[in-house]
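Working notes for the structure below.
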Amino acid sequence: MNEMREVDVVVVGAGQAGLSSAHHLRRAGFVPDRDFVVLDRSPGPGGAWRYRWPSLTFGKVHGMHTLPGMELTGADPARPSSEVVQEYFAAYEQAFDLRVRRPTVVRSVREGTAGRLRVETSDGAWGTTALINATGTWDRPFRPHYPGQETFRGRQLHTAGYRGPEEFAGLRVVVVGGGASGTQHLLEIAPFAAATTWVTRRPPVFREGPFDAEAGRAAVALVEERVRQGLPPRSVVSVTGLPLNDAVRQGLADGILDRQPMFDRITPDGAVWRDGRHVAADVILWATGFRAALDHLTPLRLREPGGGIRVEGTRAVADPRVHLVGYGPSASTVGANRAGRAAVRDIRGLLSRDSAAA
């Protein structure tokens with residue numbers, strides 16, 4: 001399809017951030033397919049949740065906040081979170097008639113004509129006044145490079161490819177990463193594996209007690225300051241610490257969560273530390289997080305010298321037509337909801353100014 005279709009707003013991504021933004025567009029009077037479209041690269045609803053490993057049941061999920069206008073009730077905590085959230089998101093899209101177009105891959109966003117943006121996709125091009133980017137991070141797993149990595153004869157995989165602990169039965173597993181995924185992987189794998197080793201760049205910080213509203217605001221403020229400076233956002237756990245729940249306490253007591261400093265290099269059969277200590281391994285599991293999926297925005301040249309995109313609220317400072325929802329301080333389920341509302345409020349102001357100027 002070569003004809004360029006025109007709308008006021010294009011929303012890229014239909015996870016928590018994208019659906020929240022679409023909901024607030026609907027509430028503000030925008031009509032799907034006429035005034036805005038939601039484009040999603042996945043084959044079905046669920047955002048990144050649809051790719052979570054089956055053993056991550058809904059009861060193990062930390063702080064899943066429901067979408068605006070529709071509660072998630074009656075979910076069985078023993079069911080895989082991927083199934084629960086896929087069904088919830090599908091019902092949400094239908095309830096609010098959001099008409100998500102999928103699978104549609106957004107390849108690039110660039111300058112269009114008459115001050116508008118051109119969004120190039122696998123299903124043709126869209127012209128738009130404003131863009132809400134809600135692409136999250138799942139499409140960009142981060143795996144750091146260490147000397148000797150290419151010589152390892154065992155298996156290497158990232159959290160994005162993790163499907164459960166059974167496949168590690170009888171194997172020696174090194175888990176790399178100090179976030180929530182790393183600890184969850186270790187606690188699941190240890191009963192099956194011949195041996196596990198946990199390594200992190202920094203000593204983990206465990207958080208006692210509830211994560212209340214004040215602590216949440218403090219964490220968001222730290223992340224927000226980074227994006228204001230144009231630096232890449234840090235992970236949530238690096239700011240908040242790891243929750244010290246019963247499972248983690250037991251893992252510490254059993255020696256499963258016996259953290260080791262980062263190894264110096266990888267060998268064909270394991271890893272070696274600077275002091276000469278060696279651990280044999282059949283598998284290296286990189287629980288090293290994700291980076292924001294923003295490559296399609298490259299033609300707009302939004303990145304700062306620090307490597308991130310400088311954002312005020314949700315608006316990209318370098319281009320007020322672009323809003324990043326689910327990025328930096330809004331990269332949480334509750335943050336994405338609030339950011340979607342804020343982005344729509346700003347976009348209404350932008351469109352009003354454009355109408356007045358015309």
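Read-outs throughout are calculated quantities, based only on the coordinates presented, and are distinct from any laboratory measurement. Model, not experiment: these values are computed from the prediction. Positions of Cβ are generated from backbone atoms using ideal geometry, with glycine treated the same way; all protein chains shown enter the neighbour counts.
Things worth noting here:
- Of all DSSP beta bridges confined to the stretch 81-198, the antiparallel ones make up roughly 65%.
- Between helix 81-95 and the chain: long-axis angle, C-alpha atoms, 0 to 90°, nearest 10: 10 degrees
- Nearest-ten-degree value, helix 16-27 long axis tilted from longest Cα axis of the chain: 20 degrees
- Near the amide H of residue 57, within less than 5 Å, lie the amide hydrogens of 81, all on another chain or at least 5 residues away, with H placed in the peptide plane.
- The angle between the Cα long axis of helix 180-189 and the main principal axis of the chain comes to about 40°, on a 0 to 90 degree scale.
- DSSP beta bridge pairing in the stretch 1-160, given as percent antiparallel to the nearest 5: 45 percent
- The helix-based estimate of mean residue ellipticity at 222 nm for the chain, built from -39,500 (n - 2.57) per DSSP H run of four or more residues and divided by its residue count, is -8000 deg cm²/dmol to the nearest 500.
- Of all DSSP-defined beta bridges confined to the chain, some 40% are antiparallel rather than parallel.
- Convex hull volume per residue in cubic angstrom - Cα atoms of the stretch 44-99: 76 Å³
- Relative contact order of the stretch 271-332, taken over Cα pairs closer than 8 Å and 6 or more residues apart, is 15 percent.
- Percent of Cα pairs exceeding the 12 Å cut-off, where the set is the stretch 238-278: 69 percent
- Computed packing ranks the peptides 179-186, 72-79 as 179-186, 72-79, most packed first, by mean other Cβ atoms within 10 Å.
- Ratio of Rg to Rh over the stretch 1-61 (Cα coordinates, Kirkwood Rh, two decimals): 1.10
- Net charge of the neighbourhood of residue 191, taken over other residues with C-beta under 13 Å away and scored Lys/Arg +1, Asp/Glu -1, is -3.
- Cβ-defined net charge surrounding residue 83, 13 Å radius [Lys, Arg +1; Asp, Glu -1]: +1
- For the chain, the share of alpha carbon pairs falling in successive 10 Å distance bins from zero is 5, 23, 30, 24, 13, 4, 1, 0 percent.
- Neighbour counts of C-beta atoms inside 10 Å place 283, 176, 344 in the sequence 283, 176, 344, starting with the fewest.
- Its alpha carbons considered, the stretch 112-176 gives a radius of gyration followed by a Dmax of 20.5, 63 Å.
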